[in-house]
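Step one of this worksheet: look at the structure below.
The values are calculated or read from the model by the stated rules, or taken from the named source; none is laboratory data. These figures come from a predicted structure and were not determined experimentally. Please note: Cβ atoms are built from the backbone with ideal geometry, for glycine as well, and neighbour counts cover all protein chains shown. Heads up: the accessible areas ignore ligands, DNA and RNA and are worked out on the full protein's heavy atoms, side chains in. Shrake-Rupley method; radii C 1.70, N 1.55, O 1.52, S 1.80 Å.
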Amino acid sequence: MKQCTHSDALPHPEPEPLDETCPECLRDGTHPVQLRLCLSCGHVGCCDSSPGRHATEHHARSGHPVMRTFEPGEDWRWCFVDHVLV
């Protein structure tokens, strides 16, 4: 089974969220479907079901590998590089 090779390098504690919602969606006047938190820097971005796909865009721009859901009641992480749940 494939595993994430980046989770051990994540900061502890995890970074504080830089925003409460996706700033790119606010800028663009769109509505995020669900939010994701970058575990390297705290950027909040929208999921791939949102028009802007800003969490994935942030990964592509920054290279930050792992994000977690930023939705209440959810607790999962995704590694963009290894394409696996962490």
For this session: Just need a number here: residues in the stretch 4-21 that are open to solvent by 100 Å² or more (accessible area, probe 1.4 Å) and closer than 18 Å to GLY63 by Cα.
Result: 3
For this session: Taking VAL66 as the residue in question, decide whether it is touching a strand residue (DSSP E or B) at 6+ places or on another chain (Cβ under 8 Å) and in contact (Cβ under 8 Å) with a residue 40 or more places away in the chain.
Result: yes
Exercise. Does SER49 fit the bill of being assigned to a loop (DSSP other than H, G, I, E, B) and under 17 Å from VAL86 (Cβ atoms)?
Worked result: no
For this session: Among the residues of the stretch 1-28, count how many are in a loop (DSSP other than H, G, I, E, B), acidic (Asp, Glu) and touching a strand residue (DSSP E or B) at 6+ places or on another chain (Cβ under 8 Å).
Result: 3
Exercise. Quick check: anything in the stretch 28-41 of a type in the set (Asp, Glu) and either open to solvent by less than 20 Å² (accessible area, probe 1.4 Å) or modelled with pLDDT under 95 (or both)?
Worked result: no
